[in-house]
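Engineer: Here it is, the structure in full.
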Amino acid sequence: MECTLQGARLVDSMRDQQHADLVVAGQRIRAVRGSGERTALPLHGKHTHIDATGMIVMPGFIDVHTHGGGGYNLHTADATEIQDFARWAPGTGVTSFLIGVVGVPTGLPEAELRAAVEATHATKGRPRGAEALGIHLEGPYINTLRRGAHQASWLRTPNAEETERLLALADGHLRIITVAPELAGSEALIQRMTAAGVRVSIGHTDANYEQALAAIEQGVTHATHCCNAMRALHHRDPGPLPAIVEAPQVYGEIIADGVHVHPAMVRLLVKLLGPGRSIVITDALAGAGVPDAVFEFNGQRASVVGGVAQLDDGTITGSVLTMDQALRNMLAITGLSLREAVGMLTANPARAAGVADRKGLLTPGYDADLLIFDGSLNLQATMRGGAFVYATEEWLDRLSTVSAPLAPSATTQQDAPRARGRN
């Protein structure tokens, strides 16, 4: 498909450009032009012009830490469930994601890793929803003292044989692994994963400042949901946060639901890390986008009470946040510019997922993963790989008048409640 989004405000981490055109050819962005540059570019084949006046176009959101949504679990042995999530996700602004896998009571999550690899392959090629970029393995090498909603029976101590088994199961698709670096055997795990091109994240950890510093020297470059499930910041026992902040190569995740991290602490984290190293995540579970849902997280019953996901014992477990709401939350909480906030959901997670050479920016040659918001930051349409995979009813009508149909299996605003009804 060739099309031009005309007269839009274009926003990514590098620009905030008014009254511009963005040209899509095939699955890529072909050109970005200002209001005075609309003449010289030759167009090929059947070209569609879409009036985007008053709209805000930004790169598709990349969620590097999610466990599901819309009633679908990502920690599953069923690859089709992950693909169902991928078709639901564009309605929340997500055009790509990492598949969140956790531990299991019987050893390694072998069936879940195989399903994740299968789904990663299945969501590439012709767009039908969001693209799975690989796997974020959250555990099983985490500290039982900071396990949160992870059951103690899921947790293990690193060893060399299992490390090789994990790498083999992931088949080159493991992008991030969360590790508590104070565990015995973690140093060898960090070094081996780093050598294999896997981004190692410190998380679910009781590490002190010195242990965190050592882990960063060993290769840690990421921090899983800062503040949550880690030793707290204290003036005589600083824990891992200062070590994370002091290391310019480490990116830090922030759950932006206003529940997991107090708004004052969100503001502090962004000031300490800076907009260029902060990554907004959902840490969402299957109940995200399903009001008053009752759902399962790896065999544990959970429910949404007052907008908060809880296990039956009251433990907060993940979130029910969606990425479009996370953007609005970050703007309201922090006072950041739209450009700075958008970078935390696009360019920064693209670096963490290893796809910054093709995703996260409105740059010619990059994947045409695009979001169209109205002036109130309500999502109107989502494009992935040059095809529209989500649209509101209003935008569906607009697209139909300019011969820009939705991709097969795409969702509309009307379809969304059906997609979200699986509990």
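The values are calculated or read from the model by the stated rules, or taken from the named source; none is laboratory data. The structure presented is a predicted model; accordingly, all values stated were derived computationally and were not measured. All Cβ positions, glycine included, derive from the backbone under ideal geometry; neighbour counts span all protein chains shown.
Engineer: In the range 344-371, which residues are in a helix (DSSP H, G or I) and farther than 21 Å from residue 197 by Cα? Spell out how you get there, then give the answer.
Structural biologist: Step one: filter the range 344-371 for residues in a helix (DSSP H, G or I), giving 344-345, 347-352.
Of everything in the range 344-371, those that are in a helix (DSSP H, G or I) and farther than 21 Å from residue 197 by Cα turn out to be 344, 345.
Engineer: Same structure, new question: Is it the case that residue 216 is in contact with a strand residue (DSSP E or B) (Cβ under 7 Å, 6 or more places away or on another chain), among the β-branched types (Val, Ile, Thr) and either buried (at least 17 other Cβ atoms within 10 Å of the Cβ) or over 19 Å from residue 148 (Cβ atoms) (or both)?
Structural biologist: Against the criterion (in contact with a strand residue (DSSP E or B) (Cβ under 7 Å, 6 or more places away or on another chain), among the β-branched types (Val, Ile, Thr) and either buried (at least 17 other Cβ atoms within 10 Å of the Cβ) or over 19 Å from residue 148 (Cβ atoms) (or both)), residue 216 does not qualify.
Engineer: Please verify whether residue 191 is touching a Gly at 6+ places or on another chain (Cβ under 9 Å) and modelled with pLDDT under 95, treating the condition exactly as stated.
Structural biologist: no
Engineer: Just to confirm my filter: which strands (runs of 3 or more DSSP E) fall fully inside the range 49-133 and include at least 2 residues that are within 29 Å of residue 9 (Cβ to Cβ), hydroxyl-bearing (Ser, Thr, Tyr) and touching a Lys or Arg at 6+ places or on another chain (Cβ under 9 Å)?
Structural biologist: Because the criterion is at least 2 residues that are within 29 Å of residue 9 (Cβ to Cβ), hydroxyl-bearing (Ser, Thr, Tyr) and touching a Lys or Arg at 6+ places or on another chain (Cβ under 9 Å), the strands (runs of 3 or more DSSP E) in the range 49-133 that meet it are 94-101.
Engineer: Right, something else. All but one of (1) under 16 Å from residue 257 (Cα atoms); (2) surrounded by fewer than 24 Cβ atoms within 10 Å (Cβ to Cβ); (3) touching a Phe, Trp or Tyr at 6+ places or on another chain (Cβ under 8 Å) hold for residue 290; state the number of the condition that does not hold.
Structural biologist: (3)
Engineer: Can I ask one more? Criterion first (closer than 22 Å to residue 172 by Cα, touching a residue at least 24 places away in the same chain (Cβ under 8 Å) and either surrounded by fewer than 24 Cβ atoms within 10 Å (Cβ to Cβ) or not hydrophobic (A, V, I, L, M, F, W, C) (or both)) does residue 125 satisfy it?
Structural biologist: no
Engineer: Ok, one more. Going by the conditions given, is residue 106 assigned by TED's automatic domain parsing to the domain that holds residue 65, β-branched (Val, Ile, Thr) and touching a Gly at 6+ places or on another chain (Cβ under 9 Å)? Walk me through how you get there before you give the answer.
Structural biologist: Details: assigned by TED's automatic domain parsing to the domain that holds residue 65: yes; β-branched (Val, Ile, Thr): yes; touching a Gly at 6+ places or on another chain (Cβ under 9 Å): no.
Taking the combined requirement at face value, the residue does not satisfy it.
Listed here are the residues, each with its yes/no results for (1) farther than 30 Å from residue 377 by Cα; (2) surrounded by 23 or more Cβ atoms within 10 Å (Cβ to Cβ).
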{"site": "71", "(1), (2)": "no, no"}
{"site": "78", "(1), (2)": "yes, no"}
{"site": "81", "(1), (2)": "no, no"}
{"site": "86", "(1), (2)": "no, yes"}
{"site": "94", "(1), (2)": "no, yes"}
{"site": "100", "(1), (2)": "no, yes"}
{"site": "103", "(1), (2)": "yes, yes"}
{"site": "117", "(1), (2)": "yes, no"}
{"site": "121", "(1), (2)": "yes, no"}
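Engineer: Check 216, 254, 190 and return the single one that is among the hydrophobic types (A, V, I, L, M, F, W, C), part of a strand (DSSP E or B) and on the phi < 0 side of the Ramachandran plot.
Structural biologist: Going through 216, 254, 190 in turn, just one is among the hydrophobic types (A, V, I, L, M, F, W, C), part of a strand (DSSP E or B) and on the phi < 0 side of the Ramachandran plot: 254.
Engineer: Something else now. For the range 287-338, give me the residue count where each residue is closer than 19 Å to residue 85 by Cα, part of a loop (DSSP other than H, G, I, E, B) and in contact with a Lys or Arg (Cβ under 8 Å, 6 or more places away or on another chain).
Structural biologist: Matching residues across the range 287-338 total 2.
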